1. Could you check the simple spin-label distance between residue 43 and residue 96, using points 7 Å along Cα→Cβ, in nm with one decimal?
2. For residue 53 and residue 77 in the same chain, what is the full-extension length gain: residue separation times 0.36 nm, less their Cα-Cα distance, in nm?
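No value in this document is a laboratory result; all are computed from the given coordinates. The shown structure was predicted, so the numbers you read here are calculated from the model rather than taken from an experiment. FYI the Cβ positions are ideal-geometry reconstructions off the backbone, even for glycines, and counts take in every protein chain you see.
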Amino acid sequence: MKKLLCCLLLILLSNSVVAKTKEVKDFKCFLKTTKADQIAFYSWPVNKLKLKMAKLPANKVPDRNSGNRAYIKEVVECVGLHETFNTAAGKKLDSLTVR
């Protein structure tokens, strides 16, 4: 009986850990690009946020004004979609960005 209870407990715990690692959240990132500063929107697994942010530089993003694609030079910060940026420039640009 104890073995059965332990097995059930292990299965329940492993399922909750797997569910948390697969949790996907929407993020907005304040980026410095070759054309201008801009905000881009992404949907990433929560546990891979740092890795995904680190992979962004040198990738292209659509330029919101002319449709030309610019390269990302630097990721200043990424926050949840409904959170506010920490930097003043990020806050200002976020208030001007259409969703």
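1. Distance between label points: 2.8 nm.
2. Between residue 53 and residue 77, full extension yields 7.8 nm more.
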